[in-house]
Amino acid sequence: MEQLPLFLDQNMLLNTADADLVALRLEDSLTGYRAYEDLYGENPEVKRKRNLAEFLFSGMACPSFDEKDGLDHQCLFWDAVETHAQTLGLKKESLLSDIRGSFFQRIAECLSQFHAEDLVRVGNVFPAGYVYLQTGNYEKAVALLRAQIATSPNHARIWGYLGDAFFLNGSLHAAGQSYFQAFLVNPAAVDWRHMRHRELLSLRRELMEESADPEKPDLVWLPVHAYLRKMIFPRPINQKQILAELARRYLEYEKAYLTNPQEETGARIFLVGIVLCQYEPLLWQIQGVDLASIRLQMKNIHPEIFQVYLQTIVNK
């Protein structure tokens with residue numbers, strides 16, 4: 001750790017400490033902030049930055065990446081950092097964003113050191129693809145997340161991260177398809193805290209505000225609303241076998257709904273029904289389902305949304 005020159009002026013001293021904080025040279029940043037306060041007295045903003053540096057220093061003193069769950073611990077720690085920064089009332093959001101980049105870049109380097117041959121299987125909650133998403137390496141994030149989906153196709157959280165990676169990379173249609181798959185599996189399992197699609201987040205806030213119980217918002221219809229607003233799209237289906245599997249899932253939901261008409265199940269029927277109805281010629285070859293019965297079921301479950309759905313068909 002270098003000794004700070006005495007001739008540094010006020011702005012230079014503070015800028016140097018900020019740069020050290022962004023680069024995670026935490027001991028140097030703490031030295032700089034303390035020197036600033038010794039020379040110029042207490043400053044609320046400097047005090048908040050010093051507090052954040054201390055919080056980071058305490059949590060990063062013994063980083064562990066040699067175990068696979070070490071990634072989860074580090075990502076959860078970053079969530080705690082963001083929460084702590086909000087509690088402090090830090091005004092410079094760009095500062096926290098820059099620190100985030102350095103934090104996850106360090107994690108990416110550690111993953112390459114300890115798990116270079118095993119990146120797809122690292123992490124129980126946060127996958128390696130999530131880390132590269134945070135560093136801005138979207139191509140690598142997409143590659144890792146796709147590889148993980150190949151082994152776990154019914155993992156809503158991973159599909160959601162893949163949607164984020166495509167969205168940030170500018171591949172909006174691919175993003176919409178990935179989010180659709182995530183919602184098809186389980187919208188509640190998507191990592192909404194870290195969702196990067198602004199319109200989906202805005203829709204979620206809108207539905208929460210309209211909810212009868214804001215403390216327990218009912219978001220089961222969010223995927224249907226997102227589809228009707230052209231935020232998400234089903235992947236093209238060109239094989240009878242794939243459509244038959246989706247029809248099997250639809251019939252399972254329908255059977256469960258007849259036994260216990262839960263709104264969550266009804267919303268799932270509606271979403272899957274939308275996809276099935278797009279493939280009417282192929283649907284004729286599938287036993288147990290047909291266009292008329294699916295649309296009647298959709299209408300019975302939610303007449304108002306069904307009318308909006310019909311209007312989208314007319315508009316096409």
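Only the coordinates and a few stated rules stand behind these numbers; no lab work does. Because the structure is a prediction, the values reported are computed rather than measured. Neighbour counts are summed over all protein chains in view; Cβ atoms, including those assigned to glycine, are modelled from backbone coordinates with ideal geometry.
Brief remarks on what is shown
- Nonlocal Lys pairs with alpha-carbon distance under 23 Å, the chain (8 or more apart, or different chains): 10
- Peptides 295-301, 93-99 ordered by packing proxy, namely the average of other Cβ atoms within 10 Å per residue, highest first: 295-301, 93-99.
- What you get for segment 157-237, charging only the Cβ of Lys and Arg (+1) and of Asp and Glu (-1), is a dipole of about 360 debye around the Cα centre.
- Summarising the amide proton neighbourhood of D191: residues at separation of 5 or more, or on other chains, whose placed amide H is nearer than 5 Å comprise an empty set.
- Karplus-derived 3J(HN,Hα), 6.51/-1.76/1.60, for each residue of segment 275-288, Hz, glycine and proline x: 5, 4, 5, 6, 10, 4, x, 6, 5, 4, 8, 9, 6, x
- The relative contact order of the chain comes to 9 percent, based on Cα pairs under 8 Å that sit 6 or more residues apart.
- MRE, 222 nm, helices only [DSSP H, n ≥ 4, -39500 (n - 2.57), over the chain, to nearest 500]: -22000 deg cm²/dmol
- The listed peptides 133-143, 283-293, 196-206, ordered by packing as a protection proxy, come out as 133-143, 196-206, 283-293 (highest mean of other Cβ atoms within 10 Å first).
- Computed from phi, the 3J(HN,Hα) profile of segment 160-177 under the Karplus parametrisation 6.51, -1.76, 1.60 (θ = phi - 60°) reads x, 5, 5, x, 4, 4, 5, 4, 5, 8, x, 8, 5, 5, 4, 4, x, 5 Hz, with x in place of Gly and Pro.
- Listed values (i) 81, 45, 35; (ii) 98, 58, 33; (iii) 58, 46, 35, entry calculated as Cα extents along the principal axes in Å: (i)
- Taking packing as the residue-averaged number of other Cβ atoms within 10 angstrom, the listed peptides 39-46, 122-129 run from highest to lowest as 122-129, 39-46.
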